[in-house]
Amino acid sequence: MIPNRSQFKFTLAALFLLCLSFSQTSFAKKILVYGDSLSAAYGMDVEKGWAHLLSESLGDKYQLTNASISGDTSAAGLARLPITLEEFTPELVILELGANDGLQGLPIKRMRENLEKMIKLIRTSGADVALIGISLPPTYGPRYIDQFRSTYTELAEQYELPFMDFYREEFFEKEGYIQEDGLHPTEVTQPIVLELLLDFLTKEKLL
């Protein structure tokens, strides 16, 4: 049967929408969040965490995967990174690891080496790296904390990486912003982290 003009127009429109949908899915920029409990929505529903909120904010033009695992050290992150990069083929990796190294009092030198290896692996894969810095509770002492925090800024400078420090003193000063463990931001804090991160990614032209 030969289609009439209206059927032909409908077919063309359907094909256009199909191609548009395929294009949006195929060419969406792939972002990988690679971290620990600070990125894995520890102590709350996953949908309340900043990574999920970021995915919702970015929309269909971006495909965000959160491969963060609570409790991961830099060594654990390094061990699973090659297969993660191979599976998700990201174009941008938001790297947030090291907090558990610090909390366990592991050698900062080893943490730095692990982070450095991850940066190199990510770049070798063809993806960009955005490095996230963090801090430790005051009980770890100023010397250890200074060495810990400077590791991130030094790596960012050495490899010319976009860098954002997750630590915000005001989070610890306001009631309800940090969970009872004294370490993890609460559900209330997640939208604030989202806005800070969106501003950072936009200024660094990573979006």
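What the table shows:
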{"item": "Amide H partners (placed H, <5 Å) of L64, local residues excluded", "result": "I31"}
{"item": "Set of lysines with alpha-carbon distance to K29 below 20 Å, sequence-local pairs under 8 removed", "result": "K61, K203, K205"}
{"item": "Distance in nm between pseudo-label sites at T124 and Y177 (7 Å out along the Cβ direction from Cα)", "result": "4.0 nm"}
{"item": "Whole-Hz couplings from phi, Karplus 6.51/-1.76/1.60, listed for region 39-48; x for Gly and Pro", "result": "10, 9, 6, 4, x, 8, 5, 4, 5, 8"}
{"item": "DSSP-assigned coil residues among GluC sites (Glu not before Pro) in region 37-130, each with at most 14 further Cβ atoms within 10 Å", "result": "none"}
{"item": "Fraction of beta bridges assigned by DSSP in the chain that are antiparallel (%, nearest 5)", "result": "5 percent"}
{"item": "Karplus-derived HN-Hα couplings along region 95-102 (A = 6.51, B = -1.76, C = 1.60, θ = phi - 60°), whole Hz, x at Gly and Pro", "result": "9, 9, 9, x, 4, 6, 4, x"}
{"item": "Eligible lysines near K109 by straight Cα distance, threshold 19 Å, same-chain separation 8 or greater", "result": "K117, K120"}
{"item": "Cα centre as origin, Lys/Arg/Asp/Glu Cβ charges: the chain dipole, Debye", "result": "960 debye"}
{"item": "Contact order normalised by residue count of region 86-203, Cα under 8 Å, 6+ apart, percent", "result": "21 percent"}
{"item": "Whole-Hz couplings from phi, Karplus 6.51/-1.76/1.60, listed for region 177-187; x for Gly and Pro", "result": "8, 10, 5, 5, 6, x, 10, 9, x, 7, 4"}
{"item": "Helix runs (DSSP H) in the chain reaching 30 Å along axis by Cα, Kyte-Doolittle at least -0.5", "result": "5-26"}
{"item": "Global geometry of region 23-76, whether rounded, prolate or oblate, following the gyration tensor of its Cα atoms and the 1.5 cut on a/c", "result": "oblate"}
{"item": "Long-range Cα-Cα pairs in region 70-207 (distance over 27 Å), rounded percent", "result": "21 percent"}
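A short reminder: the numbers here are calculations on the coordinates, not readings from a lab. If you're wondering where the values come from, they're calculated on a predicted model, not measured in any experiment. Positions of Cβ are generated from backbone atoms using ideal geometry, with glycine treated the same way; all protein chains shown enter the neighbour counts.
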